[in-house]
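Please read the structure below before turning to the comments.
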Amino acid sequence: MSGGEELAAGPRPARATTRRAGPKSARRRSRELALQGLYEWLLGGADAGVVDAHVREQDGFEKCDVAHFDRLLHGVIREAAAIDVILAAHIDRKAELLSPIEHATLMIGTFELMHCIEIPYKVAINEAVELAKSFGGTDGHKYVNGVLDKAATELRRDEVEAGRAGRA
């Protein structure tokens, strides 16, 4: 497969799972599709409208939460610089040196922590970790978890502290 074909198709799951999973939720599917779009955007720098059109052509797009997909894809692209500033405080290298999957996953998780207050911070982190497990490298999910845990403490301090107090 040439690089152009991979770019157009977006990332594929890295490994098969040994457990039988139930059907994916529409919101999880929207995150997966947003990840594919952000992957294309990060690698090729295409216009958001072009990326959006490519993703909408994917089989199964109609099964996603379209409103959440739109919010993620366009919101992350629009706020990429601000998201990368937040990430810079918590990552061990420049954002452009991250794998495109890890970078896109961290951007989605950070965006949800910033703007999707209706989603509990633990859920936003877990969903990003699941994306990293499905599409990223072997231990990328551990990195994503650690970075987003630190970002959550910054972005949702009260919610994180309340969660930690509840465990004590």
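The values are calculated or read from the model by the stated rules, or taken from the named source; none is laboratory data. This one's a predicted model, so the numbers in the text were calculated from it and none came from an experiment. Cβ placement follows ideal geometry from the backbone for every residue including glycine, while neighbour counts extend to all protein chains displayed.
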Can you tell me which residue within region 83-97, out of those that are of a type in the set (A, V, I, L, M, F, W, C) and modelled with pLDDT under 95, is surrounded by the most Cβ atoms within 10 Å (Cβ to Cβ)? Ala95
Restricting attention to region 132-161, and to residues there that are closer than 10 Å to Gly109 by Cα and within 12 Å of the chain's Cα centre (by Cα), which single residue is surrounded by the most Cβ atoms within 10 Å (Cβ to Cβ)? Leu148
Contact list, first residue from region 87-112 and over 16 Å from Ala34 (Cα atoms) and in a loop (DSSP other than H, G, I, E, B), second anywhere and basic (Lys, Arg) and at pLDDT 95 or above, beta-carbon distance below 9 Å, six or more apart or interchain, is Ala89/Lys150; His90/Lys150
Find the residue count for region 63-99, including only residues that are of a type outside the set (S, T, N, Q) and more than 20 Å from Arg29 (Cβ to Cβ). 21
Flag if Met107 is at pLDDT 95 or above, surrounded by fewer than 22 Cβ atoms within 10 Å (Cβ to Cβ) and either on the phi > 0 side of the Ramachandran plot or touching a Leu at 6+ places or on another chain (Cβ under 9 Å) (or both): no
Of residues in region 62-82 being of a type in the set (Lys, Arg) and surrounded by fewer than 17 Cβ atoms within 10 Å (Cβ to Cβ), the one nearest to Trp41 (Cα to Cα): Arg78
Condition check for Ile125: among the β-branched types (Val, Ile, Thr), under 23 Å from Asp70 (Cβ atoms), surrounded by 14 or more Cβ atoms within 10 Å (Cβ to Cβ) and at pLDDT 95 or above: yes
Output yes when any residue across region 44-62 is under 13 Å from the mean Cα position of the chain (by Cα), under 20 Å from Arg29 (Cβ atoms) and free of Cβ contacts under 8 Å to residues at least 40 places away in the same chain, and no when none is. no
